[in-house]
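A.B. asks: To start, I am sharing the structure in question, which I have written as structure tokens.
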Amino acid sequence: MVKSKSNSRLSSLIILAQTDTTVGFASKNHKKLADIKSRPTTKPFIKVYNSFLACGTRVPQSKKNIFRRSKKTTFIIKNKAIRVNTHANNSQIQREFDFYYSTSANEKNKNFDREFCEKKADIIIEDKNGLYENSSSVLIKINNNKEVRLRWVNLFKLC
């Protein structure tokens with residue numbers, strides 16, 4: 001791959017890839033993701049960062065350890081959903097972005113359908129394990145005083 005100072009040519013592409021939790025769509029263009037998922041453009045997507053430094057969101061002092069040590073977890077801080085993904089399977093394309101928007105790779109209220117996803121994706125990133133549906137990330141809302149788990153990992157799906 002040829003490195004470029006600008007990733008503008010990649011900014012509107014839809015990437016289909018296996019994440020650390022499940023198969024998902026990723027893009028810098030949240031409007032295209034909203035079209036694919038048939039959801040309002042006002043409903044926010046998860047922002048995935050490659051490092052804690054790139055995140056730039058101020059995490060409450062009392063919750064920093066939870067944030068740094070978490071694995072497969074999405075945090076809602078000040079009504080923004082963020083994840084830090086240092087997953088080894090991140091492709092070179094994904095590492096070029098400071099952040100990207102992410103969502104599960106499926107139609108609204110349906111399970112993963114490879115044919116549907118391949119039609120919608122501009123780039124498909126797949127390793128020897130292929131693309132497979134797994135449980136979603138844990139979802140935790142945090143503020144200065146408390147943390148609230150909004151979504152748990154479905155342990156039965158992992159077996």
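A.B. asks: Taking the options Ser70, Ser51, Ser62, name whichever one is among the small types (Gly, Ala, Ser) and either under 23 Å from Glu126 (Cα atoms) or touching a Lys or Arg at 6+ places or on another chain (Cβ under 8 Å) (or both). Write out each step before concluding.
C.D. replies: Details: Ser70 fails: either under 23 Å from Glu126 (Cα atoms) or touching a Lys or Arg at 6+ places or on another chain (Cβ under 8 Å) (or both); Ser62 fails: either under 23 Å from Glu126 (Cα atoms) or touching a Lys or Arg at 6+ places or on another chain (Cβ under 8 Å) (or both).
On inspection, the qualifying residue turns out to be Ser51.
A.B. asks: Moving on. How many residues, within the stretch 33-63, are buried (at least 19 other Cβ atoms within 10 Å of the Cβ) and out of contact with any strand residue (DSSP E or B) (no Cβ under 7 Å at 6 or more places or on another chain)?
C.D. replies: 1
A.B. asks: Further, regarding this structure: Looking at this structure, is Ile66 assigned to a helix (DSSP H, G or I), surrounded by 18 or more Cβ atoms within 10 Å (Cβ to Cβ), aliphatic (A, V, I, L, M) and in contact (Cβ under 8 Å) with a residue 40 or more places away in the chain?
C.D. replies: Details: assigned to a helix (DSSP H, G or I): yes; surrounded by 18 or more Cβ atoms within 10 Å (Cβ to Cβ): no; aliphatic (A, V, I, L, M): yes; in contact (Cβ under 8 Å) with a residue 40 or more places away in the chain: yes.
Answer is no for this residue.
A.B. asks: Looking at (1) under 28 Å from Asn145 (Cα atoms); (2) modelled with pLDDT of 80 or more; (3) not in a helix (DSSP H, G or I), which is the one condition that is false for Tyr100?
C.D. replies: Condition not satisfied by Tyr100: (1).
A.B. asks: Output the residue which, of all residues in the stretch 128-139 that are under 16 Å from the mean Cα position of the chain (by Cα) and either β-branched (Val, Ile, Thr) or surrounded by fewer than 16 Cβ atoms within 10 Å (Cβ to Cβ) (or both), is modelled with the lowest pLDDT.
C.D. replies: First pass over the stretch 128-139, keeping only residues under 16 Å from the mean Cα position of the chain (by Cα): 131-139.
Now restrict to residues that are either β-branched (Val, Ile, Thr) or surrounded by fewer than 16 Cβ atoms within 10 Å (Cβ to Cβ) (or both): 132, 138.
Numbers: Tyr132: 85, Val138: 88.
Ranking the candidates gives Tyr132 first.
A.B. asks: Within the group Asn89, Asn111, which residue is in contact with an Asp or Glu (Cβ under 9 Å, 6 or more places away or on another chain), under 27 Å from Lys31 (Cβ atoms) and modelled with pLDDT under 80? Before the answer, list the steps.
C.D. replies: Details: Asn111 fails: modelled with pLDDT under 80.
Every option except Asn89 fails the conditions.
A.B. asks: Look at Asp127 and say whether it is farther than 24 Å from Arg151 by Cα and not in a helix (DSSP H, G or I). I'd like the intermediate steps shown before the answer.
C.D. replies: Values: farther than 24 Å from Arg151 by Cα: yes; not in a helix (DSSP H, G or I): yes.
Considered against the rule, which asks whether it is farther than 24 Å from Arg151 by Cα and not in a helix (DSSP H, G or I), Asp127 comes out as yes.
A.B. asks: Could you tell me whether Lys119 is surrounded by 11 or more Cβ atoms within 10 Å (Cβ to Cβ) and at pLDDT 80 or above?
C.D. replies: Working: surrounded by 11 or more Cβ atoms within 10 Å (Cβ to Cβ): no; at pLDDT 80 or above: yes.
For Lys119, the condition - surrounded by 11 or more Cβ atoms within 10 Å (Cβ to Cβ) and at pLDDT 80 or above - is not met.
A.B. asks: Right, next: From Ile142, Ile77, Ile125, grab the single residue that is surrounded by 18 or more Cβ atoms within 10 Å (Cβ to Cβ), at pLDDT 85 or above and closer than 16 Å to Val48 by Cβ.
C.D. replies: Details: Ile142 fails: closer than 16 Å to Val48 by Cβ; Ile125 fails: surrounded by 18 or more Cβ atoms within 10 Å (Cβ to Cβ).
Ile77 is the lone residue from the list that is surrounded by 18 or more Cβ atoms within 10 Å (Cβ to Cβ), at pLDDT 85 or above and closer than 16 Å to Val48 by Cβ.
The values are calculated or read from the model by the stated rules, or taken from the named source; none is laboratory data. Quick caveat, the model's predicted, so the values are computed rather than measured. Using ideal geometry, Cβ is built from the backbone for each residue, glycine included, and neighbour counts are taken over all protein chains shown.
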